[in-house]
Amino acid sequence: MLHPPHQSLQVAAVPSQRAPAREQAGPWHSEAVCRRDEAGLFFAPSKEPTAARLAREEAAKRVCARCPVMVECREHALLQPEPYGVWGGLTAAERRVVLARRRRREMELKASSPGSRIAAAG
Ligand code: SF4
């Protein structure tokens with residue numbers, strides 16, 4: 001995976017799912033704030049209580065907020081898509097919402113494009 005915290009936790013949290021993503025990391029990885037510290041914030045340990053998860057995720061997001069490559073990281077996580085952990089300041093659930101919005105918007109754009117109207121009429 002891209003950043004060491006994720007890497008260090010991937011074995012405990014989601015071993016097989018995260019390994020392929022690391023190979024697809026971009027050059028932005030070298031500037032990731034989470035390479036240096038805050039290991040343990042980005043992925044849930046097993047059986048983490050909800051309150052602890054929320055607090056951990058907020059702490060991870062605070063790290064992301066001061067990361068110079070947050071935009072690149074977020075886009076990477078959306079494009080993969082990364083199914084677990086906090087990436088680019090977004091939790092997995094938040095990324096699913098963003099992706100659903102993007103898909104909806106793409107469908108709306110396709111439906112409203114002149115080509116689609118011609119195809120529908122023809
Ligand atoms: S945005 Fe967050 S998860 Fe992504 S590289 Fe930066 S600190 Fe790590």
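The values are calculated or read from the model by the stated rules, or taken from the named source; none is laboratory data. Computed from a predicted model, the values in this text were never measured in an experiment. Just so you know, the surface numbers come from the protein's heavy atoms only, side chains and all, with ligands and any DNA or RNA stripped out. Shrake-Rupley method; radii C 1.70, N 1.55, O 1.52, S 1.80 Å.
Taking the condition outside any helix (DSSP H, G or I) and at pLDDT 95 or above, does Glu72 pass?
The answer is no for Glu72.
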Flagged in region 78-99 as open to solvent by less than 20 Å² (accessible area, probe 1.4 Å) and either modelled with pLDDT under 95 or part of a loop (DSSP other than H, G, I, E, B) (or both), in numbering order, are Glu82, Gly85, Val86, Gly88, Gly89, Thr91
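Please enumerate the residues belonging to region 100-116 that are open to solvent by less than 100 Å² (accessible area, probe 1.4 Å) and assigned to a helix (DSSP H, G or I).
Step one: of region 100-116, the residues open to solvent by less than 100 Å² (accessible area, probe 1.4 Å) are 100, 102, 109, 111-116.
Ala100, Arg102, Leu109, Ala111, Ser112, Pro114, Gly115, Ser116 - these are the residues of region 100-116 that are open to solvent by less than 100 Å² (accessible area, probe 1.4 Å) and assigned to a helix (DSSP H, G or I).
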